[in-house]
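To start, the structure itself, in structure tokens.
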Amino acid sequence: MQTFVNQLVYFCFFQSLFLLGVYLFSAKNRKNINGYIAFLIFVLFIGLSGRVLYVSQILGDNFRLITISEFAILLFGATVFLFTKSSLTDQHFTRKDLRHYIPAAVYILFVVFYFIIPSDEMIIARIKRGELYTVVTILVGIGLSVNLSYWLLSLIQFLQFKNNLKNELSYTLKTQFFLNFLIAIGVCLLVWVGVYFTSLFGPETIEREARQFIWLGIAFIILFIAYYGMVAPDLFRIQALSLTQKYSQSKLSSADMDALKQQLETIMTAKKPYLNSTLMKAELAMMLGISNPELARLLNERIGMNFFDFVNYYRIKEFIALAETDKAKEFTFFGLAQEAGFNSKTTFNKSFRSLIGVSPSEYFLKARN
């Protein structure tokens, strides 16, 4: 089993080295891949290099070499968070981002001064007193807490972003691949947490033995993501949007709002902008001659819907109208939905059930009876 694990370590190490080389020497791939993913690969490279040096015994059988892997522990979570943030907001690296790496810097300095610099005699004495195991347990707990916290922040930011999109877009962005990445990382961390707490009340070696498999799992996930970031960058190129600001500055009177509501209904009926499957709120605001925040206020105060539901309501009305024409014989339900402006079967079915209360098939079955 250990031989198999060592082979996986070598594979991940050389794969990370290869991907770093591609990123550094290929301008095309450097443009496609997010810089934080490249840094994640670098973090993996650091984490794996210590184990490779220890297993290969290139520098002798020095147990301190494996502690180099500990340098990567607190760099990981912060980088996943910054990768998520940059992908969703299109924000580039700034000096303020460095504050997220302060815990990692402190952690690394402690590892250097506690594990690497002291003499063999001092390390052995700590082991005999049980001090070393206690310190390692505390450090692993800190590493897990920090990484799990940053992962939760990443997931929260992603879910908030998806929710905010309903105020800006009339269609659904393809974000499942990104979500799967966060879920996979989260599963690894949660398994690690479970193993860690089990080791506190059971055999001391459980967490230590499991840690290498969990880190290899994380390594495979990041290498997989890095590969797809190069060959299919659109999977992570989530559309950056200037989300609506609070409309407290709007000077529209109540009478203005009533007039705009009437004008909006006229535009939706006469010009049918909802037939554009990628309609954005900013485009509809421009048609009305008002700002994006003012349209947000109009939808909230006079219509009681977010932009996503409002536009899809008109698409569903169009779909129902088309279904009652001879044209319906030439299309499937989703074909008609596309004619009405939907670009996703899932979005169509969810919107129909949410706004009408039943599925499309149930609605027409009732209509015929």
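The values are calculated or read from the model by the stated rules, or taken from the named source; none is laboratory data. Since the model is a prediction, treat every value here as computed from it, not as a measurement. Virtual Cβ from ideal backbone geometry, glycine too; neighbours counted across all protein chains shown. Just so you know, the surface numbers come from the protein's heavy atoms only, side chains and all, with ligands and any DNA or RNA stripped out. Shrake-Rupley method; radii C 1.70, N 1.55, O 1.52, S 1.80 Å.
A compact table of results
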read-out: Of K166/K327; K261/K350; K162/K281; K251/K317, those spanning more than 23 Å from alpha-carbon to alpha-carbon; value: K166/K327; K261/K350; K251/K317
read-out: Solvent exposure of the chain as accessible area per residue, Å², 1.4 Å probe; value: 53 Å²
read-out: Contact order relative to length of the chain, as percent, for alpha carbon pairs under 8 angstrom and 6 or more apart; value: 16 percent
read-out: Mean ellipticity per residue at 222 nm, deg cm²/dmol - from DSSP H runs of n ≥ 4 across the chain, formula -39500 (n - 2.57); value: -22500 deg cm²/dmol
read-out: For segment 276-292, Karplus couplings with θ = phi - 60° (6.51, -1.76, 1.60), whole Hz, Gly/Pro x; value: 6, 5, 10, 4, 10, 4, 4, 5, 5, 4, 5, 5, 7, x, 10, 7, 4
read-out: Computed accessible area, T266, all protein chains, 1.4 angstrom probe, square angstrom; value: 70 Å²
read-out: Unit Cα scatterers, Debye sum, segment 85-134: log10 I(q)/I(0) for q = 0.20, 0.21, 0.24 Å⁻¹; value: -0.75, -0.79, -0.91
read-out: Cα-based equivalent ellipsoid of the chain: semi-axis lengths in Å, sorted from largest, via gyration tensor; value: 53, 22, 19
read-out: Contour excess over end-to-end distance, with Cα ends at R302 and N163 and 0.36 nm allotted per residue; value: 47.9 nm
read-out: Counted charge near I123, where neighbours are those whose Cβ lies closer than 13 Å (Asp, Glu -1; Lys, Arg +1); value: +1
read-out: Cα-projected label distance for V193 with F224, points at 7 Å along beta-carbon direction, nm; value: 2.1 nm
read-out: Scattering profile of segment 296-369 at q = 0.28 Å⁻¹ [log10 I(q)/I(0), Debye over alpha-carbon scatterers]; value: -1.34
read-out: Whole-percent carbon and sulfur share, accessible surface of the chain, 1.4 Å; value: 61 percent
read-out: Where H100, H92 fall by accessible area, highest first, once all protein chains stay in place (1.4 Å); value: H92, H100
read-out: Cα gyration tensor category, rounded, prolate or oblate, for segment 1-134 with a/c compared to 1.5; value: oblate
read-out: Most fluctuating residue given options E294, E330, E131, as computed from a GNM of the chain linking Cα atoms under 10 Å; value: E330
read-out: FRET efficiency, E283 to I156 (Cβ-Cβ, R0 30 Å, nearest 0.05); value: 0.55
read-out: By accessible area with a 1.4 Å probe, ligands and nucleic acids excluded, highest first: order of E70, E121, E265; value: E121, E265, E70
read-out: Förster radius 30 Å - calculated FRET efficiency between T94 and A270, Cβ distance, rounded to 0.05; value: 0.05
read-out: Most to least accessible of K327, K350, K345 (protein chains only, probe 1.4 Å); value: K350, K345, K327
read-out: Simple spin-label estimate for D258 and N6 in nanometres, 7 Å along Cα-Cβ; value: 8.3 nm
read-out: Solvent accessible area, Å² - M122, 1.4 Å probe, full protein context; value: 90 Å²
